[in-house]
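Read the figures in this text as sums done on the coordinates, not as results from a lab. Predicted model only: the values in this text are computed from it and were never measured. Quick reminder, even Gly has a Cβ in these numbers, built from the backbone with ideal geometry, and neighbours come from all protein chains shown.
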Amino acid sequence: MKDETSSRGPFIGLSQYVRMTNTCKKTGCDLKIIVNADDLGESLPINGAIRRYACDGLISSASLLPNGPGFEDALKVVRDCDDLSIGAHLNLTQFSSLSRSPVLVDAGITDENGCFTGAAKWNSSSRLSFDRSTSEAVYEEWRLQLTKLYDCKISITHIDGHNHVHYYYRFMPIIKRLQKQFGIKRIRIRDVKPITFYGFFNSSLEKKMPPLDRQVSNLIWNCLLKAIPPRTMTVNHVFSYLSLCRYLSTGSRCPKRGVFEVVAHPGSDYLSYFAEENRLIERRRIHDLIPKFKLISYRDLEY
């Protein structure tokens, strides 16, 4: 069967994004939320928190670090919590590289010991030089990370990035190449907030202008993700759990339909932000702020 994206032209992704047609089958509830726990495999405490949140029904999905120190223990969480959809948390910023490529050393992405330096974090102040050989080395690193997950018999439902590293425009061709090679259809989008979150439709809220440069850049990235083959399924909006709670607590109007991804970091407490976020998750704060929604996983997301 011919791919619909290629048969209908390169800009089908834009119309799909604007019309918000990537939702699940109608099940009586028009707003659906994926609560995805990042950093599975980073450490034993994080693994334990994700296991607990999954058992309590607080999360529906998790993203697994292929090179995390807690990877082997994380495999037990994946086996025991089979209701969770599992994504590949592609890494280029922390722990040891799988490829040990000298090209990544020369680019400043890893040190001489093969450990990621953190310089590749998205929006990092570091200025890295990416030529064709560097891009090929990044592709090979991520190919090995995905291969490791598949060798462990993990069914990968989606791709996202540790420290949002997959958000670089220059990595879009690599993501697309990996999608095609591994048959992965779902990718985390960049953050584009609904306009209702800026107070324009609520007279009691202070009107504030969205950061247009960032919002436009994010929107273009999301449209390219959907326009460039292979065909890609995405949610409509992505938030951190804490940011969504903060918006809704101020009286911002929540869209009544579509699919949200809400990103959580169970077990992470090295930042006060994460500690506050986890307290809200354990109190099921989103359920208070959004009385009616359906909790789904990434495997439920379809065209």
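Observations
- Length released on extending from Arg246 to Lys180, taking residue separation times 0.36 nm less the Cα-Cα span: 20.0 nm
- The separation of the stretch 84-116 from the stretch 170-196, counted between C-alpha centres, amounts to 19 Å.
- Shown for Cys245, Cys152: other C-beta atoms within 10 Å of each C-beta, ranked fewest to most, produce the order Cys152, Cys245.
- By the count of neighbouring beta-carbon atoms within 10 Å, fewest first, Ser63, Ser243, Ser268 end up ordered Ser243, Ser268, Ser63.
- Close amide H contacts of Ile159 (hydrogens built in the peptide plane, cut-off under 5 Å, sequence separation of 5 or more or a different chain): Ala88, Arg186, Ile187, Arg188.
- Classified by the C-alpha gyration tensor, the stretch 39-83 has a prolate form. Its axis ratio a/c, with a ≥ b ≥ c, is 1.5 or above, and a/b is larger than b/c.
- Listed values for the stretch 260-275 are Karplus-derived 3J(HN,Hα) couplings in whole Hz (6.51 cos²θ - 1.76 cosθ + 1.60, θ = phi - 60°), namely 9, 9, 10, 8, 10, 9, x, x, 8, 9, 6, 10, 4, 4, 5, 4, and x replaces Gly and Pro.
- Ascending count of other beta-carbon atoms within 10 Å, so fewest first, for Arg257, Arg132, Arg51: Arg132, Arg257, Arg51
- Extension gain, Lys294 to Ser272, is 5.0 nm, computed as 0.36 nm per intervening residue step minus the present C-alpha separation.
- Cβ-derived FRET efficiency at R0 41 Å, Lys76 paired with Leu219, nearest 0.05: 0.55
- Straight Cα distances below 16 angstrom link Lys256 to the aspartates and glutamates Asp30, Asp288, with same-chain residues fewer than 8 positions distant left out.
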